[in-house]
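A short worksheet on the structure shown next.
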Amino acid sequence: MNASEPRIIILDDSTINKIAAGEVVERPASVVKELVENSIDAGATMVQVEVEEGGKRLIRVTDDGCGMNEQDAALCLQRHATSKIRSAEDIFAIKSLGFRGEALPSVASVSLLTLITREREAEHGTLVRVEYGEIADFHSVGSPPGTQVEVDGLFQRTPARLKFLRSTATEIGHIFEVVTRFALGQYQVGFRLVHNGQETIHLPASADLLHTLALIYGPENAEHFLPVEHEVGAIQVLGFVSAPTLTRANRGQQSFFVNGRWVRSRGLSAALNQAYQGLLPPDRAPLACLHLHLDPALYDPNVHPTKMEVRFTREWEVLNIVKDAVSATIRQAVGRMAIPVPELSRSARPTPAAGPPRPPGGPALFHRELERKAGVPLGPVAGAPLPAPEALDKEALGQATVVGQFQGTYIICTSAAGILIMDQHTAHERIIYERLQRLRTEEEPEMRQGLVVPLSINLTGRERLLMSECLEEINRLGFTVERFGRDGFLLRAVPAFLADADSERILTDALAELAADKRATSVKRRSEVLTISVTCHAAVRKGKALSVPEMQAIVDDLAATREPAVCPHGRPTLVFISPRRLAHLFKRPE
Ligand code: ADP
Ligand code: MG
């Protein structure tokens, strides 16, 4: 009845001991990763992932791969059962994604797992059901060729791990990322992700990586991708990197593959970055999808239980080749198309992770600590004790008159109470932050300004997902973003006080920060990350020359805020020097 000889063996102990062991099932996305790896190793041309409630309720992966015969279907759920290696030496010539023979039994031990599989030539398939590690059912069934693994009730019997599952939005975000990675790594395989009955990703198999990139990153963004094609000896670098005209606020949209396996690698990131040296401001990162093809003997995938890290035997050489490959591409493109080099002087961006705004201390708004933090040279004069901390009340701030600007960065004012030095960026941030907060909490009538021509926003797949999740929160900040077509977005209006800003960039930067913020799981935290990011990008930059009326407007607006002393990242907005402090500095008798 079996159409074939069994393929799976149980590894011997000495091989097992050489394999990086550890937990592979951490969350629904890790289950998806392991199951899809198996489908790809089985030679599938189409993999479908269906999940419910971010995978917390159900994960079902279906493929059209080689399937298993009855014997293998029983064996594959045993620990250290694999068809992919026979001995430890095979790891150094590994072509498959899996090799440890641990994924299926690990998943089966913490869930209700149903496997249905059939080899193409077999008359019928096999069903195996495992309930939290115990085989509960095993019989023949009719089924299409290929394999389907269904995982239900993940971690229901392991409360310690159940506790670490996050919101549906967070979990589906991780799954989305996993499936997207596979699609970029194995673009010759088609992928479909269905969440709660809705198709979230549909990426048909393609012979052309750029085609898949266009589907994932959006066709407009894909126009900025430059091909990388480079070969040195037995090492080949293929893929695409973005021209300096297309960047993001962090490295979240870069992926690296080694022989089709997605890897996390600081070294590769750094090599990519080096290739852009001098072409991008320090706070911008290119988009990239790079495939390295090299002899499996030149790296070790057996460093980490989830196999997401590899160790190159000649790391320095490999990284140099990658850097040269990307450099060659960019240099050629810059020469050919005269790509505008973005301004290099943008200030470094504070991260939103810097924490909530620090409450200023009572009526004594600007105490000594803040002054010190601001780095203004007010050290004690020749051992003389510093005068007591001085307070500036809001009224005095409201009466401040602008004298001028220093270094395009500081606004100098005087008032009857003393001299004020304001940091134009942090002061403006405070103003915008409170405005956005008032909009958000509906304390203030809306101040939206419609765009004459609605702007279509170019987003990548992950950003589109985040945008759909946060649409309401973004629109509450005074933007009007609408869905457009199947997965497009149109920007129709912006907060009136941001009318002159680059709104598309402000929004994509905010989404990038949101994607990078591991704690942004609650609606509240998400709103806060969005608000701070929009604030930071909308605030006037350091180094920007301002007219006296513009500066006066900032001073007056700051005086009207609730917490004028600190920006939303907790940095000071101004320092204050009283006449008494001046007298002290000049050693004048008081
Ligand atoms: P590994 O992938 O490291 O070998 P797994 O526990 O993930 O270990 O899988 C065990 C074995 O089960 C695989 O080696 C393979 O032979 C078989 N298998 C698992 N999933 C599939 C699938 N979707 N199609 C065909 N065979 C599969
Ligand atoms: Mg596997």
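Before moving on, here are some points about what is shown:
- Highest mean packing first, where packing is the average number of other Cβ atoms within 10 Å per residue, the peptides 262-268, 252-258 line up as 252-258, 262-268.
- Computed E for I16/I135 - FRET, C-beta separation, R0 25 angstrom, nearest 0.05: 0.70
- Nearest-ten-degree value, helix 28-41 long axis tilted from longest Cα axis of the chain: 40 degrees
- Angle in degrees between helix 424-440 and the longest Cα principal axis of the chain, rounded to the nearest 10: 70 degrees
- Taking label positions 7 Å along the Cα-Cβ direction at both R588 and H124, the computed distance is 10.2 nm, reported to one decimal.
- Length-normalised contact order for the chain - Cα pairs under 8 Å, 6+ apart - percent: 12 percent
- A simple spin-label model places pseudo-atoms 7 Å from Cα toward Cβ; at E442 and Q552 they are separated by 3.8 nm.
- Remark: the R486-V303 segment gains 61.8 nm on full extension, using 0.36 nm per residue and subtracting the alpha carbon distance.
- Shape parameters for the chain, alpha-carbon atoms, Rg then Dmax in Å: 29.0, 106
- Dipole in debye (nearest 20) - the chain, about Cα centre, beta carbon charges: Lys, Arg +1; Asp, Glu -1: 1980 debye
- Of interest is the spacing of the C-alpha centroids, which for the range 478-535 and the range 46-66 amounts to 31 Å.
- Using the Cβ-Cβ distance between Q78 and E199 with R0 set to 30 Å, the FRET efficiency from 1/(1 + (r/R0)^6) comes to roughly 0.30.
- Cβ-placed point charges (K, R +1; D, E -1), dipole of the range 396-518 about Cα centre in debye, nearest 20: 120 debye
- Counting only DSSP beta bridges whose two residues both lie in the chain, roughly 90 percent are antiparallel.
- Beta bridges assigned by DSSP with both partners in the range 140-295 are antiparallel in approximately 85 percent of cases.
- The peptide list 237-248, 315-326, put in order of mean Cβ contacts within 10 Å with the highest first, becomes 237-248, 315-326.
- Principal axis dimensions, largest first and in whole angstrom, of the range 14-155 by Cα: 38, 36, 28
Each value in this text was obtained by applying a stated rule to the coordinates, not by laboratory testing. Since the structure is predicted, the reported quantities are computational estimates derived from the model, not experimental observations. FYI the Cβ positions are ideal-geometry reconstructions off the backbone, even for glycines, and counts take in every protein chain you see.
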